[in-house]
Amino acid sequence: MQLDSATLLIASFCTTLVQGLLLLFFWWQDRKAKALGVWGSAFIIGSVGVGLFAGRGVIPDVLSIIVANALILVAYGLCWAGVRLFEGLRTSVLAIVAAPLIWVLACLDERIIGSQPTRTAIMSVLIAVLCGASTVEFWRGRAERLASRRPLIGLFGACALIYGVRSVYGSLPYPVGGNPAAGPGWYAAFAFFIFVSISIMAFLFVALSKERMEASQRHNAAVDPVTGVLRRGAFMLQAARLVAHYAIERRPVCLLLIDFTAPGGIVDDAMLRRFAAQTLDLLKPNDLLSRMGQNEFACVLTNVTHNDAVPIGESIHAMVACDRALPQGARARIGIASSTQVGHDVRTLVEAADAALERGRQRDEGVVLYHPSLERAVGEAIASAAGRIIPFTGRDRAWHR
């Protein structure tokens, strides 16, 4: 089967134009995805360049060679700018149009405009540089784990490599390079490569933006907007996995329940943010902190026994008491439970720490370490306050308070 380069170029023109319009449509639906708008504009401008290039021999050479290639370079420059915008970076207009300007200035030389191998080499070098720059920008942002990022790195890297080889292909001795680079087979193969690559690229751009949006939604669902720490549901899931991991390795964990209070019972958002930030400073990177309720927090301390957890709880208690930025009389009551006491189960740890915290409220103590005798003592106190005596276990007390 023989590929016809003109047909492939026309197909590339139509495909690129439609995909550019679709990218703009997706951007119109989600204006926060500004990179989609830049990429959509790049595809539309590139489609015009490909269309003019396909008209070679029918329209004037100034349009099919100089203008067409300049528009294609603008499209690649916008793709690079879109990648930078996706990574949170701005790109100057001069940087975007630098490659097209170099091309137009080069075409002012009659020796260049009259030499097809030279024109091919210049265009290939410029496109290879822009594709390579896009590859580097995507690679720098790899810490944000998005499924479509690596395919795009591979695609832009492959484009940079292929265009780089193309730039020197004509200067290599025959049969490795030489004149066949200007033959119809070469152009047909390259037109097919353009057709396939732009189709894949547009799909991956949309997928990448969707993945970031979903990741942002998951983050917002898992993180408390006031303090920036985990919400209750996300904390319970992550804590369960973390505790199970330490159970397999037979290493201890401790859970702290913290009741943060202020005079008059009024705790505003600024106080909560400050408390959460200062508490995080006292924890290790592997530890977890969560806002469990209005003024209640919980944290999981990894690879820590109850003897080590008590000083950490006392540090949190002292931090609140000594912080001049907080209202005078603000305090933190803390209940501590350890896996060495109740086992590696998150809910059991929470119930045990809650029993210790309740004892701290009753006796007005700052830090209380769980002991099995606390459950019955606390249960009897609660039942007595209600005017009746009932047997008490940790499961009798409502978890969602």
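Going from the residue with the fewest nearby Cβ atoms within 10 Å to the one with the most, PHE190, PHE203, PHE235 rank PHE203, PHE190, PHE235.
Neighbours of ILE153 by Cβ distance under 12 Å: Lys/Arg scored +1, Asp/Glu scored -1, total +3.
Going from the residue with the fewest nearby Cβ atoms within 10 Å to the one with the most, SER199, SER64, SER134 rank SER199, SER64, SER134. Against the chain, whose longest principal axis comes from its Cα atoms, helix 269-282 is set at around 90 degrees.
Sparse packing (at most 10 other Cβ atoms within 10 Å of the Cβ) combined with a DSSP loop state is found for the following trypsin sites (Lys or Arg not before Pro) in region 200-307: ARG250. Using the Cβ of ARG333 as centre and a radius below 14 Å, the other residues enclosed give a net charge of -3, where K and R count +1 and D and E count -1.
Each principal axis of the Cα cloud of the chain was taken in turn, and the coordinate range along them, longest first, works out to 99, 42, 32 Å.
Counting every other Cβ atom within 10 Å of each residue's Cβ, ILE198, ILE59, ILE127, ILE248 order from fewest to most as ILE248, ILE59, ILE198, ILE127. Average the reciprocal distances over every distinct pair of alpha-carbons in region 5-222, invert the result, and give the Kirkwood radius in Å. After inverting the mean inverse Cα-Cα distance, the result is 17.9 Å. Taking Lys and Arg as +1 and Asp and Glu as -1, the other residues whose beta-carbon sits under 14 Å from that of VAL253 total +1. Restricting the calculation to Cα atoms, region 8-122 yields a radius of gyration followed by a Dmax of 15.3, 48 Å.
For region 9-89, applying the loop criterion from DSSP together with a ceiling of 13 other beta carbons within 10 Å to the trypsin sites (Lys or Arg not before Pro) yields ARG31, LYS32. Against the main long axis of the alpha-carbon atoms of the chain, helix 184-222 sits at an angle near 20°. When cysteine pairs in the chain are screened for C-beta atoms closer than 4.7 angstrom, the residues that find no partner are CYS14, CYS79, CYS107, CYS254, CYS299, CYS322.
Using C-alpha pairs under 8 Å with a sequence gap of at least 6, the mean separation divided by the residue count of the chain gives a relative contact order of 11 percent. In degrees between 0 and 90, to the nearest 10, how far off the longest principal axis of the chain does helix 372-385 point, with axes built from Cα atoms? Tilt relative to the chain: about 70 degrees.
Read-outs throughout are calculated quantities, based only on the coordinates presented, and are distinct from any laboratory measurement. No experiment lies behind these values; they were computed from the predicted model shown. Positions of Cβ are generated from backbone atoms using ideal geometry, with glycine treated the same way; all protein chains shown enter the neighbour counts.
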